[in-house]
Amino acid sequence: MALLNDIDGLQKPDNHYILVLYPGAETYESLKNALAPLISDLIILKKRGFNQIGGYYWSVELYFSSDWKFLAICLGMKSANTLHFCPWCDCSKNEMNTTSKKINKSMDNIKVNYHKINGHTKEPLFHMILLHNWMFDELHILLRITDRLWELMLSDLRRENVNEEIWKEKILLEMKQLKISFQFWYKRNSNNLLHTSLMGPDKLKILRELDLTAIFQSRT
């Protein structure tokens, strides 16, 4: 938990507070039981606000941010790879390129009619938080986008009529120059090309500094 209006201290670890420590499985039923006291407190906090020592009163607006899996669980939704995946609107995978979609769900409606809404299977756990205050954290979005871009780049290179060893060698050379430990290998008894799993700092360095021109020159 953190206070979002504490602009100067928001990014400091000392200003983030742990509310629940839970060693169990990350499932809806388990989280519902483990988070019951917190959910009850948040309902009261949202309704009554906060009275600070000294007579100050603070109204409270709650926000929720996490990775997609945890957010979907807490919203009572199916996983991100299902047909109706969006927490905020009714779009399906077939409409992912439709840019006119807007937030057309509401938390009040989801709480009461979740069984009638595509993609939802259970009542939201944190129903006291307005739906437009739910968001994915930037780190997980960045990591997922980076993974997809990397997979698409390798897929394009493999489809080209070019010696695979050439572009693999160029990628390895670029990684060496960036001081990133990286290797290619094939899964045993298959043609599936695997590679070293990259961590966040290395992915960020690749986004900033990888020379794609040098790699794609292998196609000419």
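The values are calculated or read from the model by the stated rules, or taken from the named source; none is laboratory data. These figures come from a predicted structure and were not determined experimentally. Here the Cβ positions follow ideal geometry from the backbone for every residue, glycine too, while neighbour counts run over all protein chains shown.
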Output the residues belonging to region 109-131 that are assigned to a loop (DSSP other than H, G, I, E, B) and among the aliphatic types (A, V, I, L, M).
117, 125, 128, 129, 130
Looking at region 174-194, can you tell me whether even one residue there is among the charged types (D, E, K, R), assigned to a helix (DSSP H, G or I) and in the same structural domain as residue 149 (by TED's automatic domain parsing)?
yes
Test for residue 70: is it out of contact with any Phe, Trp or Tyr (no Cβ under 9 Å at 6 or more places or on another chain), in contact (Cβ under 8 Å) with a residue 40 or more places away in the chain and hydrophobic (A, V, I, L, M, F, W, C):
yes
Going through region 67-108 one residue at a time, which ones are acidic (Asp, Glu) and either in contact with a Cys (Cβ under 8 Å, 6 or more places away or on another chain) or under 14 Å from residue 124 (Cα atoms) (or both)?
108
Among the numbered conditions (1) without any contact (Cβ under 8 Å) to a residue 40 or more places away in the chain; (2) assigned to a helix (DSSP H, G or I); (3) small (Gly, Ala, Ser), tell me where residue 214 comes up short.
(1)
Take the residues in region 6-28 that are surrounded by 10 or more Cβ atoms within 10 Å (Cβ to Cβ) and assigned to a helix (DSSP H, G or I); name whichever of them is modelled with the highest pLDDT.
28
Take the residues in region 74-87 that are buried (at least 18 other Cβ atoms within 10 Å of the Cβ) and of a type in the set (A, V, I, L, M), then tell me which one is farthest from residue 44 (Cα to Cα).
77
Quick check: anything in region 82-92 within 18 Å of residue 2 (Cα to Cα) and assigned by TED's automatic domain parsing to the domain that holds residue 111?
no
Residues to consider are 142, 131, 157, 125; find the one that is under 26 Å from residue 208 (Cα atoms), in contact with a Lys or Arg (Cβ under 8 Å, 6 or more places away or on another chain) and surrounded by 16 or more Cβ atoms within 10 Å (Cβ to Cβ).
157
Just checking, which of 90, 67 is surrounded by 10 or more Cβ atoms within 10 Å (Cβ to Cβ), in contact with a helix residue (DSSP H, G or I) (Cβ under 9 Å, 6 or more places away or on another chain) and of a type in the set (Asp, Glu)?
67
Picking from 104, 97, 109, 118, which residue would you name as being loosely packed, with under 13 Cβ neighbours inside 10 Å, at pLDDT 90 or above and assigned by TED's automatic domain parsing to the domain that holds residue 41?
104
Of a type in the set (Gly, Ala, Ser), in contact with a strand residue (DSSP E or B) (Cβ under 8 Å, 6 or more places away or on another chain), on the phi < 0 side of the Ramachandran plot and in the same structural domain as residue 127 (by TED's automatic domain parsing): is that true of residue 65 in this structure?
yes
Please identify the pairs in which a residue from region 19-45 that is farther than 19 Å from residue 129 by Cβ has its Cβ atom under 8 Å from the Cβ atom of a residue that is exposed (fewer than 11 other Cβ atoms within 10 Å of the Cβ) and small (Gly, Ala, Ser), counting only partners at least 6 apart or on another chain.
30/24
